[in-house]
1. What is the one condition in (1) touching a residue at least 24 places away in the same chain (Cβ under 8 Å); (2) touching a strand residue (DSSP E or B) at 6+ places or on another chain (Cβ under 8 Å); (3) outside any helix (DSSP H, G or I) that residue 142 does not satisfy?
2. Identify the residue in region 70-90 that is surrounded by 11 or more Cβ atoms within 10 Å (Cβ to Cβ) and without any contact (Cβ under 8 Å) to a residue 40 or more places away in the chain and, among all such residues, is farthest from the chain's Cα centre (by Cα).
3. Would you mind listing the helices (runs of 4 or more DSSP H) fully within region 1-62 where at least 2 residues are over 27 Å from the mean Cα position of the chain (by Cα)?
4. Looking at region 162-176, can you tell me whether even one residue there is in a strand (DSSP E or B) and either surrounded by 10 or more Cβ atoms within 10 Å (Cβ to Cβ) or in contact with a helix residue (DSSP H, G or I) (Cβ under 8 Å, 6 or more places away or on another chain) (or both)?
5. Among residues belonging to region 145-161 that are assigned to a helix (DSSP H, G or I) and surrounded by 10 or more Cβ atoms within 10 Å (Cβ to Cβ), point out the one that is farthest from the chain's Cα centre (by Cα).
6. Give me the pairs, please: first residue somewhere in region 94-118 and without any contact (Cβ under 8 Å) to a residue 60 or more places away in the chain, second residue anywhere and surrounded by fewer than 16 Cβ atoms within 10 Å (Cβ to Cβ) and outside any loop (DSSP other than H, G, I, E, B), beta-carbon distance under 8 Å, and either six or more positions apart or on two chains.
7. Pairs, please: C-beta under 7 Å, at least 6 apart or cross-chain, first residue in contact (Cβ under 8 Å) with a residue 40 or more places away in the chain and in region 6-23, second assigned to a loop (DSSP other than H, G, I, E, B) and loosely packed, with under 14 Cβ neighbours inside 10 Å?
């Protein structure tokens, strides 16, 4: 049978269950990111205690708890973006090369965009601003800044990193791109037609 709890009740129950302080903000985060199902409407949000138990026993719940035990309760777990799949964290251009030192774009976007929340209480960047990223790596900050209509200058000591970044932010001539794709396709068709692999 379901035992429904308000956010405040859930906070109190989870604190007893985990033997550490779980705030109402922690519970709200679980609801916001779909970790536990929300019931009720008209401002009376409640959640099922069994959903909380399942979450705290799950791998994600264990990871969050392990990190909070190591780093403290003030860790903003929402910034882990652990609820996203890899295809979401690589977006459109961030998977061109598996560069190991990159931030996920959602983290960069979180600090650049205009929203505020309990953790980010004020904004620092606006559309049209010029941003300097002196250790730009594979260019994630440049891409996200451009998406938010900011001007971003990236600097990196690695020539390879700057190559990746420049490819990510370069203008694309779509007509030329289509011509190149057509050329490659025709060459491939010709190669297949002229070799004997299929007969073999």
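1. The failed condition is (3).
2. Filtering region 70-90 for residues that are surrounded by 11 or more Cβ atoms within 10 Å (Cβ to Cβ) and without any contact (Cβ under 8 Å) to a residue 40 or more places away in the chain, the one farthest from the chain's Cα centre (by Cα) comes out as 75.
3. Numbers: elements: 7-18, 24-32, 49-57.
Of the helices (runs of 4 or more DSSP H) lying wholly inside region 1-62, those with at least 2 residues that are over 27 Å from the mean Cα position of the chain (by Cα) span 7-18, 49-57.
4. Applying the first criterion (in a strand (DSSP E or B)) to region 162-176 yields none.
No, the conditions are met nowhere in region 162-176.
5. The initial filter retains those residues of region 145-161 that are assigned to a helix (DSSP H, G or I), namely 145-147, 159-161.
Remaining after also requiring surrounded by 10 or more Cβ atoms within 10 Å (Cβ to Cβ): 145-147, 160-161.
Numbers: 145: 15, 146: 17, 147: 15, 160: 24, 161: 21 Å.
Restricting to residues being assigned to a helix (DSSP H, G or I) and surrounded by 10 or more Cβ atoms within 10 Å (Cβ to Cβ), the top hit is 160.
6. Pairs found: 106/88; 107/79; 109/147; 110/79.
7. Every condition considered, the pairs that remain are 20/73; 21/73.
Quick grid of which residues meet (1) loosely packed, with under 15 Cβ neighbours inside 10 Å; (2) farther than 14 Å from residue 78 by Cβ:
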{"residue": "3", "(1), (2)": "yes, yes"}
{"residue": "6", "(1), (2)": "no, yes"}
{"residue": "9", "(1), (2)": "no, yes"}
{"residue": "14", "(1), (2)": "no, yes"}
{"residue": "19", "(1), (2)": "yes, yes"}
{"residue": "29", "(1), (2)": "no, no"}
{"residue": "32", "(1), (2)": "yes, no"}
{"residue": "38", "(1), (2)": "no, yes"}
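The values are calculated or read from the model by the stated rules, or taken from the named source; none is laboratory data. These numbers were taken from a predicted model, which means no experiment stands behind them. Cβ: placed from backbone, ideal geometry, glycine included. Neighbour counts: every protein chain shown.
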